[in-house]
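The next block holds one structure in the form of structure tokens; read it before the comments.
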Amino acid sequence: MTLSKHSVAVITGAASGIGRALANRLAQEKIAGIAVADVNEAGLKETAATIEQLGVKVSAHIVNVADRAEMQRFADEVLESHNQRATHLINNAGVGLLGTFEQISLEDFEWLMNINFWGVVYGCKMFLPILKREEKAHIVNLSSVFGLIAPPEQTAYCASKFAVRGFTESLRHELLETNVRVSSVHPGGIKTEIARNSRLGANTPAEYKEEGAKFFDQVAQTSAEKAAEVIMHGIKTENPRILIGRDAHAISYVHRLFPKRYLKIFERLAGHRLDLRKNI
């Protein structure tokens, strides 16, 4: 097991949702330190305050994970704040984008990829040399069930999450003979604000925002706290692929059985098309 009382964990996207819940859960383990990062300063301060109340050393960092220089600065700050150590890297920061491929702009697409994919790559590149100095270490990258299947109106998001999955699995195989374990996390519908905070594509109708949030609220089955608990179990058991929620397990199973027809099966189970254009 890579986690111990001497561990120092680094978490991006920690101002809310899964990131905050996981930071709190790690603090309950009474590890040596936690470094939390986000662009949301107010939310980040709340997360840090909770960790402090649990008696764990915490450092809070305002970081745009899409910016390579900021991620290098973040790594340097973590070393300075935590006695030149980090044992666990959790690349959790992510965003959503509403609209079909034709409705979103290339600028929209690049914005999402820079955060969801390049943020993960930068995190791994900056922190891997630090992790390799430890006796045991662990990288945890957040993909999605949309890194397993690809429904309509999620071209950019799916591209980013499939990329995270492929990158993470390849990295895991490269590091098999080292001290660093690597896990890919695939949450199903988690009760967070990601849908309501998603960006509208350049040419996406405004009503997509509310309809998308309503649909997400209907399918989200798992709390952020439960997601954090599942990730913690995956870290402790060194599970290379962590599925969160019954929906994620069902999606993984159905996709393997019916790789060409899974969308129709899911639409039949849902009772409607998985396409906002057909539901607005």
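For segment 129-146, residues that are over 21 Å from LYS5 (Cα atoms) and among the charged types (D, E, K, R) total 0.
Checked against the criterion of being farther than 23 Å from PHE101 by Cα, buried (at least 21 other Cβ atoms within 10 Å of the Cβ) and at pLDDT below 95, segment 190-206 contains one or more residues that satisfy it.
Please verify whether ALA228 is in a helix (DSSP H, G or I), at pLDDT below 85 and not polar (S, T, N, Q), treating the condition exactly as stated. If you could, list the steps in order and put the result at the bottom.
Details: in a helix (DSSP H, G or I): yes; at pLDDT below 85: no; not polar (S, T, N, Q): yes.
No.
Summed over segment 150-163, the residues that are of a type in the set (A, V, I, L, M, F, W, C) and touching a Phe, Trp or Tyr at 6+ places or on another chain (Cβ under 6 Å) give a count of 3.
Within segment 88-105, being more than 19 Å from ALA163 (Cβ to Cβ) and either touching a His at 6+ places or on another chain (Cβ under 9 Å) or part of a strand (DSSP E or B) (or both) holds for HIS88, LEU98. Applying the set (1) part of a loop (DSSP other than H, G, I, E, B); (2) of a type in the set (D, E, K, R); (3) under 18 Å from LYS209 (Cα atoms) to ARG85 leaves exactly one unmet item: (3).
The number of residues in segment 86-118 being of a type in the set (S, T, N, Q) and in contact with an Asp or Glu (Cβ under 9 Å, 6 or more places away or on another chain) comes to 4. The residues in segment 86-108 that are surrounded by 18 or more Cβ atoms within 10 Å (Cβ to Cβ), over 22 Å from LEU22 (Cβ atoms) and not small (Gly, Ala, Ser) can be counted, and the count is 5. Note on segment 207-227: among residues that are among the hydrophobic types (A, V, I, L, M, F, W, C) and touching a strand residue (DSSP E or B) at 6+ places or on another chain (Cβ under 8 Å), the one that is surrounded by the most Cβ atoms within 10 Å (Cβ to Cβ) is ALA227.
How many of the residues making up segment 154-191 are over 27 Å from PHE127 (Cα atoms), in a loop (DSSP other than H, G, I, E, B) and either among the hydroxyl-bearing types (Ser, Thr, Tyr) or touching a residue at least 60 places away in the same chain (Cβ under 8 Å) (or both)? Of the residues in segment 154-191, 1 are over 27 Å from PHE127 (Cα atoms), in a loop (DSSP other than H, G, I, E, B) and either among the hydroxyl-bearing types (Ser, Thr, Tyr) or touching a residue at least 60 places away in the same chain (Cβ under 8 Å) (or both). Exactly one residue among LEU22, LEU54 is crowded, with 20+ Cβ neighbours inside 10 Å and not hydroxyl-bearing (Ser, Thr, Tyr), and that residue is LEU22. ASN179 meets all of the listed conditions (1) within 18 Å of LEU112 (Cα to Cα); (2) out of contact with any Ser or Thr (no Cβ under 7 Å at 6 or more places or on another chain) but one, namely (1). Inside segment 71-95, residues that are touching a helix residue (DSSP H, G or I) at 6+ places or on another chain (Cβ under 6 Å) and in contact (Cβ under 8 Å) with a residue 60 or more places away in the chain make up a count of 7. Just one residue in the set ARG172, ARG165, ARG181 is more than 25 Å from ALA250 (Cα to Cα) and not β-branched (Val, Ile, Thr); that residue is ARG181. Taking segment 114-126 as the region of interest, how many residues are over 19 Å from VAL140 (Cβ atoms) and either buried (at least 23 other Cβ atoms within 10 Å of the Cβ) or within 13 Å of the chain's Cα centre (by Cα) (or both)? Of the residues in segment 114-126, 0 are over 19 Å from VAL140 (Cβ atoms) and either buried (at least 23 other Cβ atoms within 10 Å of the Cβ) or within 13 Å of the chain's Cα centre (by Cα) (or both). Among the residues of segment 26-40, those that are under 17 Å from the mean Cα position of the chain (by Cα) and surrounded by fewer than 24 Cβ atoms within 10 Å (Cβ to Cβ) comprise VAL39, ASN40.
The values are calculated or read from the model by the stated rules, or taken from the named source; none is laboratory data. Since the model is a prediction, treat every value here as computed from it, not as a measurement. Note that each Cβ is placed from the backbone with ideal geometry, even for glycine, and that neighbours are counted across all protein chains shown.
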